[in-house]
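Let me begin by presenting the structure, written as structure tokens, before commenting on it.
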Amino acid sequence: MTVNRSDRTPACRGTHRRAFLADLGMGFTGLALAAMLHRDGFASSTGPGSWSPPDGKPHFPPKAKSVIWLFMNGGVSHLETFDPKPMLTKYGGKTISETPYKDVQNPEKLKIARVTVLNDANGQQRNKLFPLQVGFRKHGQSGIEVSDWLPHIASCIDDIAVIRSMWTTDDNHGAQTQFHTGRHMLDGEFPTLGAWVHYGLGTLNENLPQFISMGNREYWNLKDGHYLGPAHDAVPIRVDPANPLDYGKPELPVRPEEQRRGFELTARLNRIRAVDYPHDPALEARIRSYELAFRMQKSLPEVLDFSRESEETKKLYGLDRPETRPFGMQLLAARRLVERGVRFIQIQHGAGGAGVWDAHGGLKANHERNCLAVDKPIAGLLKDLKRTGLLKETIVVFATEFGRTPGSQGSDGRDHHIYGFSVWLAGGGIKGGIAHGATDEIGFHAVEHRHYVTDVHATILHQLGLDSRKLEIPGRKRLDIDHGNVIKEII
Amino acid sequence: MMRLIPVPIVLLAWAPPAPAEPVDYLKEVRPILQERCYACHGALAQKGKLRVDSGADMLAAGVVKPGRPDESELIVRVASSDEATRMPPEGLPLKPEEVAKLRAWVEQGAKVPATDAREPDPRDHWAFRPVVRPAVPPVGAANPVDAFVAVEWQKRGLEPVAPAEKSVLLRRVYLDLIGLPPTPEQTRAFLNDASADAYEKVVEQLLASPQYGERWGRHFLDIWRYSDWWGLGAELRNSQRHIWHWRDWVVENFNADTGYDEMIRQMLAADELYPTDPRKLRATGYLARPYFLFNRTTWLDEVIEHTGKGFLGLTLNCGKCHDHKYDPFKQTDYYAFRAIFEPYQLRTDLVPGEPDVMKNGIPRAFDANPDAPTPFHIRGDERNPDKNRVVTPGLPAFLAPDGLKIVPVSLPVEAYQPLRNPAIAETYRQAVGARLAAAQDRLRGLEAALADRASFLRWLAAPARAALVAAEQEKAALEAALADPAKAPPQFRGTVKTKESNLDTAPDAKPLPAVSTGRRTALAKWMTDVKNPLTARVAVNHVWMRHFGQPLVPTIFEFGRRGQPPSHPELLDWLAAEFMDHGWSLKHLHRVLVTSRVYRLSSSAAGAEANVKRDGENRYLWRMNPVRMEAQVVRDSLLHLAGELDLTRGGPPVPPAQQEASRRRSLYFFNSHNEHNKFLEVFDNANVLECYRRTESIIPQQALALWNSKLAMTAATKINDRLNAEWKDAGDAPFVTAAFEMILGTPPRHDELVACLDALAELRGTLNDLKEPDRTKRARLQVVQALINHNDFVTVR
């Protein structure tokens, strides 16, 4: 757009600002990528095979608007949470070859594993079956069995679709990245699901970043945008209204009023320059990015200030107990962000090592403690979203990189297990009260309705009204397995 | 036309195709065939003896029967629902609309234009033809670059914009060549220099400055994927400790203007070409960088991919699983290329004075396993090697018809027995001697202390006595090693071999080989031969892009048929020839480029609406492209303007914990896949996994970093202090003018000055509780802060 000289008087600033904001919704990030591809020669604006960035609108009518992505770092045991296998207790202490299930270790069936670390201490076959460490009970009208360590989530089971037949290929914690991008760490780096959503859909709130992450991400899983560009990385925030994000407040003393005038001066000077340098999309984008920065700096502390939440709500998320408070704070923040139109909120639970759920030893104590930390907050989130009607348009995902072995590691742990594990989805048009797919009698292989991790991505994108094949960009061919298949049975 | 007559009864059940639009073969049919069929049925391969890249071929083979789609095998096969016979065999089937297009085309008579011909032979692709220096167009331009550019202007009716203002040009060339803006004094000196060659003098001065090597070395470190080591905790998994020696080699050699060809030879094969020159051996850090503890295939895949993309503009990596779909490059070529690197491993050579390679040492390549076989992975799957295939080193025949001329290299004995180097022998002697002396002292001390104690207490000295024995044994072992370095045990070799994989546990006792295979030397010589059509073209394109903000060949790492053609093919070739004829001198290339008229144009499109309409993307350079500063330049410039930049060169990287306080140039910061500097990351620092071109994102976090970071706020304060030292008692207008000149390199226009004066008045109102002169200084600080947040601070105009 061109700027008239008369626009430069302060009285005209208002008009001007609106003109710049008009295409903020999508323009910003999509254009950046378009420019990048274009300049790298992967896309041309004319001629056959022409390509343009997404317009920010769904490809078909969506069922959901936002996603809250809860990721349990380290690998949750499917066997002690959502996929009970009494045969493990029955044959506990026996080697797999001594049971009727010895065929699970048929080398043909183990082929999907792609080894990153040869002779690693972890990520191995464990032969001696380890009995279930917790009891299970049926819950809700659906009667789905849930572990006794998760009583609160169990009380929401009729809103949840459990998928008991997931599989992946990286028997190490690079599988965390794999769950977010669909690719094994040896393949390189690819955009995460959140980045695709951010890339594909326009903004719902011009004052907030549309893709936010909370909690600790392990080093192999730090970024999101990759070839879509850093504009599609999640913005990491802390649930601390005083200091919610990096550079989110001045690191040296300055009065807000002073800084505001400085901001305004920059904006005014940039607009003056735009006269001398018309047709400079970078200058225009920078003016907009400063406006968004200023609004973000103001609005994030407000979102993260829980003082107006009722005591009852805070209790619902477990803010009143030290065990549940840290995760509960993040989930309450997530609800407040979803309420304000943030598209994708990615929360990683459990820092340290490769993730706190990584119970190579002492599984019972480990999972009991971790389940306690997340159970109440997650159930609180589901209930809170439901009573405010937001659950209808928000998908909540509970995921982890892999399950844990039916056999024991050491005397009381379970190792990484890629051949079968569980995740669940709720809300945003996902059917409640279903257990979809199944593993075999000892929870080893997914045998019914097997799903690779990208099937979860495909399902979420579908609910958001996106067709991942239409998002594909020139020069970056994706394989069928990268796109995954929508899990039709749960929608 | 019969079928177009409606038959009412049939219509109920079957709708005849609507009178189809005539299908355009070139626009609608050929692109589908090209995308999905040519790789196997075109110039590269003719599977089943079929090619479908011309109408005549399709007719002759009988796969297309005009007017009869159902009898045309082409249609039948692409439309088949039987996966066993459907074409193409790989990937998704053609989309229904694509099948419909092909079908309609056949139905309409399978017409092709009279000019229809087979696709050209891939060997004739522009980038694979030899570089021939083109004649400079006779348009009266002093600099040949301008002549080639002017021809395109004329051809396209483009009118170049006016030259940039002198101050803008000066800031541009400073940031471009040394990565730092000019100081106000430097700007003044330039503006006051009326001599005809004032600009050329500045260019020479900048090229001679040691900061040049830091700036341009960093550009190539992006391409060569420089990264400090990373792993998990203390376990090294990627790259190498002390790889900064390679970074220093890069900076030094850019400053010395070592030929690009020689730099390539040293990076790929210094261990064979200069086996006893530790300064040159640093260059093989290029091969140390892709190290990966857990997977040799991943490690070598990276070497192949980035040697191909970075130096040759070839996507060799596409041949890992199958024959290349666009270039005449077979899967076997991929593994033959890998075989060139198969024997190499890494070791860390001691540097004199430091016996502990955890503390210092030079990570370098050497051929450890001359006979290591190279696997051939069926469909690229490393779990599935073809056991019957013997892979020998080689190059794709279309580029190297004479093959790879490998001559094994007999190494001088110091190269494989570094203990023979007296400085290294002395280093061990000192260390072992010091340990022995310490053990003696300790025992002596203990014995003295225990001398008048009861004898049963003497056992307290036992461990010290044992330690002394061990130290004496160590000394004896060293003496034995020095006497016969061929048999030196691993701890006294003068070099420490890097684990080949995580399965390597014990230190390797095998002697180091006396002969190197010569494979990498052969590769390097072929790459740097003036007959190689790719190396120089790819290099000048890298350099051009960094001067002009956009490359001549947009696909910088893909010069094959999948890539895009150059915007100025003759200019590219002229530059490549000029570059090689001047000893591959980068400084010569810079000089030619930055002294061209086109480099000195303004970056403004004001008043050039006609150009904008004709060439809005400025592909034909009727103006300069504005460029966002790279991350390092943003930080270095802030510190430089604040008068704080520490220009110490080289040495170990600044560790993350010290970076906040450090005033060193940003290229010296420890940076790896795991360890990032937050500020640099926000401004799109190079991705260490692959960075042929920096991203130029514009995100709100950049605004927050320049407003709120301690770095930016401190720099603003210091800049304000410096300005106030000179302009304290002057009015606001001279202050604002000086601030503009210092931070943006240009004086303010009238309306910019007015805006700043307005802001200062408002700020004084806000700060009315402060007393003068503090109030003015504080108000001015916000103006400085606003200017470092100005678009044209982070932009090279």
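Failed condition for A:Ala379, given (1) surrounded by fewer than 24 Cβ atoms within 10 Å (Cβ to Cβ); (2) in a strand (DSSP E or B); (3) among the small types (Gly, Ala, Ser), with all others met?
(2)
Matching residues to (1) in contact with a Pro (Cβ under 8 Å, 6 or more places away or on another chain); (2) closer than 20 Å to B:Thr495 by Cβ; (3) touching a residue at least 60 places away in the same chain (Cβ under 8 Å):
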residue	(1), (2), (3)
B:Arg282	no, yes, yes
B:Ile304	no, no, no
B:Lys309	no, no, yes
B:Val351	yes, yes, yes
B:Ala365	no, yes, yes
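Looking at the structure I just gave you, is B:Lys718 more than 8 Å from chain A (Cβ to nearest Cβ), in a helix (DSSP H, G or I) and under 27 Å from B:Gly179 (Cα atoms)? I'd like the intermediate steps shown before the answer.
Details: more than 8 Å from chain A (Cβ to nearest Cβ): yes; in a helix (DSSP H, G or I): yes; under 27 Å from B:Gly179 (Cα atoms): yes.
So B:Lys718 fits the description; yes.
Please specify each residue of region B:703-713 satisfying the condition of being facing another protein chain (nearest Cβ under 7 Å), under 16 Å from B:Ser637 (Cβ atoms) and in a helix (DSSP H, G or I).
B:Ala705, B:Met713
Count, please, the residues in region B:721-759 that happen to be in a loop (DSSP other than H, G, I, E, B) and hydrophobic (A, V, I, L, M, F, W, C). Walk me through how you get there before you give the answer.
Step one: of region B:721-759, the residues in a loop (DSSP other than H, G, I, E, B) are B:728-731, B:744-749.
With hydrophobic (A, V, I, L, M, F, W, C) added as a condition, the list becomes B:730, B:744.
Adding up the residues that qualify gives 2.
Quickly run through region A:414-436 and pick out the residues that are among the small types (Gly, Ala, Ser) and either surrounded by fewer than 23 Cβ atoms within 10 Å (Cβ to Cβ) or under 21 Å from A:Ser155 (Cα atoms) (or both).
A:Ser422, A:Ala426, A:Gly427, A:Gly428, A:Gly429, A:Gly432, A:Gly433, A:Ala435
Restricting attention to region B:557-564, does a residue exist that is facing another protein chain (nearest Cβ under 10 Å) and surrounded by fewer than 23 Cβ atoms within 10 Å (Cβ to Cβ)?
Kept after step one, since they are facing another protein chain (nearest Cβ under 10 Å), are these residues of region B:557-564: B:557-558, B:562-564.
From what's left, surrounded by fewer than 23 Cβ atoms within 10 Å (Cβ to Cβ): B:562, B:564.
Yes, that holds for at least one residue.
Residues of region B:661-674 being within 9 Å of chain A (Cβ to nearest Cβ) and out of contact with any Ser or Thr (no Cβ under 8 Å at 6 or more places or on another chain), which ones?
Filtering region B:661-674 down to residues within 9 Å of chain A (Cβ to nearest Cβ) leaves B:673-674.
Within region B:661-674, B:Asn674 is the sole residue that qualifies.
With the condition kept exactly as written, say whether any residue in region A:183-191 is within 13 Å of the chain's Cα centre (by Cα) and more than 21 Å from B:Ile698 (Cβ to Cβ). Spell out the reasoning first.
From region A:183-191, those within 13 Å of the chain's Cα centre (by Cα) are A:191; that's our starting set.
If we keep only those that are more than 21 Å from B:Ile698 (Cβ to Cβ) as well, we get none.
Checked against the condition, which is being within 13 Å of the chain's Cα centre (by Cα) and more than 21 Å from B:Ile698 (Cβ to Cβ), region A:183-191 yields no hits at all.
Filter region B:512-556 for residues that are within 13 Å of chain A (Cβ to nearest Cβ), among the aliphatic types (A, V, I, L, M) and either over 15 Å from the mean Cα position of the chain (by Cα) or not in a helix (DSSP H, G or I) (or both) and give the result.
Residues of region B:512-556 that are within 13 Å of chain A (Cβ to nearest Cβ), as a first pass: B:541, B:545, B:548-556.
Still in the list and also among the aliphatic types (A, V, I, L, M): B:545, B:552-553, B:556.
Within region B:512-556, B:Leu552, B:Val553, B:Ile556 meet the criteria.
Does region B:426-469 hold any residues that are without any contact (Cβ under 8 Å) to a residue 60 or more places away in the chain, within 28 Å of B:Leu350 (Cβ to Cβ), of a type in the set (Gly, Ala, Ser) and out of contact with any helix residue (DSSP H, G or I) (no Cβ under 7 Å at 6 or more places or on another chain), and which are they?
Within region B:426-469, B:Gly433, B:Ala434, B:Ala437, B:Ala438, B:Ala466 meet the criteria.
Need at least 2 residues that are touching a Gly at 6+ places or on another chain (Cβ under 9 Å) and within 14 Å of chain B (Cβ to nearest Cβ) per element, so show me which strands (runs of 3 or more DSSP E) inside region A:103-208 make the cut, counting only ones lying wholly within it.
none
Name every residue in region B:37-55 that is out of contact with any helix residue (DSSP H, G or I) (no Cβ under 8 Å at 6 or more places or on another chain), buried (at least 19 other Cβ atoms within 10 Å of the Cβ) and either within 14 Å of chain A (Cβ to nearest Cβ) or in a helix (DSSP H, G or I) (or both), in order of residue number.
B:Ala39
Test B:Ser697 against the stated conditions and say whether it is within 28 Å of A:Ala234 (Cβ to Cβ), modelled with pLDDT of 95 or more and buried (at least 22 other Cβ atoms within 10 Å of the Cβ). Walk me through it before giving the result.
Numbers: within 28 Å of A:Ala234 (Cβ to Cβ): yes; modelled with pLDDT of 95 or more: no; buried (at least 22 other Cβ atoms within 10 Å of the Cβ): yes.
So B:Ser697 does not fit the description; no.
When you scan region A:55-78, how many residues do you find that are at pLDDT below 90 and more than 21 Å from the chain's Cα centre (by Cα)?
1
Condition first: in a helix (DSSP H, G or I), more than 25 Å from A:Arg288 (Cβ to Cβ) and either at the interface with another protein chain (Cβ under 9 Å from one of its Cβ atoms) or among the aromatic types (Phe, Trp, Tyr) (or both). Now tell me which residues in region B:766-797 satisfy that. Reasoning before the result, please.
The initial filter retains those residues of region B:766-797 that are in a helix (DSSP H, G or I), namely B:766, B:774-788, B:791-794.
From the residues that got through so far, the ones that are more than 25 Å from A:Arg288 (Cβ to Cβ) too are B:766, B:774-781.
Of everything in region B:766-797, those that are in a helix (DSSP H, G or I), more than 25 Å from A:Arg288 (Cβ to Cβ) and either at the interface with another protein chain (Cβ under 9 Å from one of its Cβ atoms) or among the aromatic types (Phe, Trp, Tyr) (or both) turn out to be B:Thr766, B:Arg778, B:Ala779, B:Leu781.
It is to be established whether one or more residues within region A:475-485 are polar (S, T, N, Q), surrounded by fewer than 18 Cβ atoms within 10 Å (Cβ to Cβ) and more than 14 Å from A:His78 (Cβ to Cβ).
yes
Looking only at region B:721-741, filter to residues that are touching a helix residue (DSSP H, G or I) at 6+ places or on another chain (Cβ under 8 Å) and loosely packed, with under 15 Cβ neighbours inside 10 Å; which one of those is farthest from the other protein chains (Cβ to nearest Cβ)?
Result: B:Glu726.
Pick out the one residue from B:Ser585, B:Ser603 that is at pLDDT 95 or above and within 13 Å of chain A (Cβ to nearest Cβ). Show your work before the answer.
Working: B:Ser585 fails: within 13 Å of chain A (Cβ to nearest Cβ).
That would be B:Ser603, the only listed residue that is at pLDDT 95 or above and within 13 Å of chain A (Cβ to nearest Cβ).
Filter region B:455-475 down to the residues that are loosely packed, with under 15 Cβ neighbours inside 10 Å and of a type in the set (A, V, I, L, M, F, W, C), then identify the one that is farthest from the chain's Cα centre (by Cα).
Checked region B:455-475; the qualifying residue farthest from the chain's Cα centre (by Cα) is B:Phe456.
Just to check your reading of the model, which residue among A:Gly225, A:Gly248, A:Gly262, A:Gly229 is buried (at least 18 other Cβ atoms within 10 Å of the Cβ), out of contact with any His (no Cβ under 9 Å at 6 or more places or on another chain), within 19 Å of B:Gln701 (Cβ to Cβ) and assigned by TED's automatic domain parsing to the domain that holds A:Thr400? Reasoning before the result, please.
On the way: A:Gly225 fails: out of contact with any His (no Cβ under 9 Å at 6 or more places or on another chain); A:Gly248 fails: assigned by TED's automatic domain parsing to the domain that holds A:Thr400; A:Gly262 fails: assigned by TED's automatic domain parsing to the domain that holds A:Thr400.
Within the list A:Gly225, A:Gly248, A:Gly262, A:Gly229, the selection yields A:Gly229.
Quick check on region A:282-305. Is at least one of its residues outside any helix (DSSP H, G or I) and either touching a residue at least 60 places away in the same chain (Cβ under 8 Å) or more than 7 Å from chain B (Cβ to nearest Cβ) (or both)? Before you say what the answer is, go through the steps one by one.
Quick first cut of region A:282-305, residues outside any helix (DSSP H, G or I) only: A:304-305.
Next cut, either touching a residue at least 60 places away in the same chain (Cβ under 8 Å) or more than 7 Å from chain B (Cβ to nearest Cβ) (or both) only: A:304-305.
Yes, because at least one residue in region A:282-305 is outside any helix (DSSP H, G or I) and either touching a residue at least 60 places away in the same chain (Cβ under 8 Å) or more than 7 Å from chain B (Cβ to nearest Cβ) (or both).
Answer yes if at least one residue in region A:175-182 is crowded, with 16+ Cβ neighbours inside 10 Å, touching a His at 6+ places or on another chain (Cβ under 7 Å) and in contact (Cβ under 8 Å) with a residue 12 or more places away in the chain, and no otherwise. Give the steps one after another, and end with the answer.
Of the residues in region A:175-182, the ones crowded, with 16+ Cβ neighbours inside 10 Å are A:175-182.
Of the ones still in play, those that are also touching a His at 6+ places or on another chain (Cβ under 7 Å) are A:178, A:182.
From the residues that got through so far, the ones that are in contact (Cβ under 8 Å) with a residue 12 or more places away in the chain too are A:178, A:182.
The answer is yes; a qualifying residue exists.
Identify all residues within region B:600-657 that are buried (at least 22 other Cβ atoms within 10 Å of the Cβ) and basic (Lys, Arg); write none if there are none.
B:Arg623, B:Arg628, B:Arg635
Name the single residue, out of those in region A:222-277 being farther than 30 Å from B:Cys691 by Cα, of a type in the set (Val, Ile, Thr) and in contact (Cβ under 8 Å) with a residue 40 or more places away in the chain, that is nearest to the other protein chains (Cβ to nearest Cβ).
Among residues in region A:222-277 that are farther than 30 Å from B:Cys691 by Cα, of a type in the set (Val, Ile, Thr) and in contact (Cβ under 8 Å) with a residue 40 or more places away in the chain, the one nearest to the other protein chains (Cβ to nearest Cβ) is A:Ile272.
If you go through region B:476-485 one residue at a time, do you hit one that is exposed (fewer than 12 other Cβ atoms within 10 Å of the Cβ), at pLDDT below 95 and over 30 Å from B:Arg241 (Cα atoms)?
No, there is no match, as no residue in region B:476-485 is exposed (fewer than 12 other Cβ atoms within 10 Å of the Cβ), at pLDDT below 95 and over 30 Å from B:Arg241 (Cα atoms).
The values are calculated or read from the model by the stated rules, or taken from the named source; none is laboratory data. Computed from a prediction, not measured in an experiment: that's the story for all the values here. With ideal geometry, Cβ positions are generated from the backbone for all residues, glycine too; neighbour counts draw on all protein chains shown.
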